[in-house]
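First up is the structure itself, then whatever we jot down about it.
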Amino acid sequence: MADRMPATGSNLETRRYAGTEGLSLCADVGGDPTHPPVILLHGGGQTRHSWGRAQRELINSGYHVVNLDARGHGDSDWSPQGHYRLEHLAADLRAVIDTLPTPPALVGASMGGATALFAIGNCAAPIARALVMVDIVPRVEAEGGQRIGAFMRANPEGFATVAEAADAVATYYPHRPRPKNPSGLMKNLRRRDDGRLHWHWDPLILEQPEKPEPPSFTDRLLAACAGVQVPTLLVRGLNSDIVSDAGVAEFKTHLLQLEVFNVAGAAHMVAGDRNDAFNRGVIGFLRRQH
């Protein structure tokens with residue numbers, strides 16, 4: 001772990017962790033370091049800022065929280081070789097876990113949940129105390145997975161303004177109220193050399209044969225379930241086009257300890273759609289494990 005600096009406008013501290021392959025990973029860290037640790041892992045194409053409210057609630061509930069940008073996303077380094085397979089993401093996660101005094105609970109959305117499951121299930125030593133997977137199962141609905149891919153591939157030329165980016169988000173999330181001030185989106189954008197705004201993730205993520213987002217990883221995640229012995233919670237958005245009843249039923253046959261917490265009125269981005277219910281379900285589960 002290297003540089004530390006205050007995260008703007010919060011009680012958080014922005015830190016950099018040594019990932020694998022020489023990459024540096026960025027995280028916002030908060031809460032008493034002697035309290036039970038939690039690592040937050042965002043979805044593909046997102047950044048750590050998607051967990052803002054959830055991180056604050058977890059800290060207020062007595063947890064030490066590491067909110068991590070995955071390689072190729074946000075302020076973490078990009079892989080020059082385009083190494084974004086599950087094993088690369090999981091190796092970075094284990095490197096961050098190794099800096100903690102006790103095994104953490106892992107809370108991962110979509111790609112982050114797949115990364116956490118894969119990391120736990122393919123490590124002989126126990127690396128986590130509990131696992132929370134947010135709207136992700138090994139076998140997702142094909143149409144929903146294709147919709148995610150289409151959004152990530154759209155607008156390769158970037159955007160001239162933040163308002164244009166907000167238009168793209170509003171089209172993808174028609175059920176969400178459009179923010180009056182779209183400037184908050186700048187946390188998920190970066191201005192490249194062409195002068196235009198692009199999403200804050202590496203385009204090489206889309207060029208690898210196996211994407212770290214659904215549906216490419218089904219068999220590998222089902223196989224990893226055999227090595228997952230920790231208490232596990234699936235937080236499911238009942239309006240999700242990614243997780244179906246059949247997907248949950250199959251997951252339960254491979255992970256017998258799986259609990260399911262359904263969130264009404266939420267789609268795939270559960271924490272963003274119903275943050276109150278999300279926090280209640282996750283914190284209730286973590287308290288039972290501690």
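The values are calculated or read from the model by the stated rules, or taken from the named source; none is laboratory data. Keep in mind the model is a prediction, meaning the values are calculated, not measured. All Cβ positions, even for glycine, are placed from backbone atoms using ideal geometry, and neighbour counts span all protein chains on display.
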Would you check if residue 15 is surrounded by fewer than 22 Cβ atoms within 10 Å (Cβ to Cβ) and closer than 29 Å to residue 203 by Cα?
yes
Can we say residue 160 is within 30 Å of residue 282 (Cα to Cα), exposed (fewer than 14 other Cβ atoms within 10 Å of the Cβ), hydrophobic (A, V, I, L, M, F, W, C) and touching a residue at least 24 places away in the same chain (Cβ under 8 Å)?
no
Give the residue, chosen from 64, 73, 42, 35, that is crowded, with 24+ Cβ neighbours inside 10 Å, modelled with pLDDT of 95 or more and more than 17 Å from residue 18 (Cα to Cα).
42
Is at least one residue of the stretch 163-171 in contact with a helix residue (DSSP H, G or I) (Cβ under 6 Å, 6 or more places away or on another chain) and within 19 Å of residue 44 (Cα to Cα)?
yes
Return the only residue of 279, 262, 239 being part of a strand (DSSP E or B), over 14 Å from residue 113 (Cβ atoms) and either polar (S, T, N, Q) or touching a helix residue (DSSP H, G or I) at 6+ places or on another chain (Cβ under 9 Å) (or both).
262
Here is a list: 277, 266. Which entry is surrounded by fewer than 22 Cβ atoms within 10 Å (Cβ to Cβ) and among the hydrophobic types (A, V, I, L, M, F, W, C)?
277
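Looking at the stretch 77-100, is at least one residue assigned to a strand (DSSP E or B), in contact with a Ser or Thr (Cβ under 9 Å, 6 or more places away or on another chain) and at pLDDT 95 or above?
So far as the stretch 77-100 goes, no, none of its residues is assigned to a strand (DSSP E or B), in contact with a Ser or Thr (Cβ under 9 Å, 6 or more places away or on another chain) and at pLDDT 95 or above.
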Every pair of residues 6+ apart whose Cβ atoms lie under 6 Å, when the first sits in the stretch 62-74 and is at positive phi and touching a residue at least 60 places away in the same chain (Cβ under 8 Å) while the second is β-branched (Val, Ile, Thr) and not in a strand (DSSP E or B):
72/205; 74/47
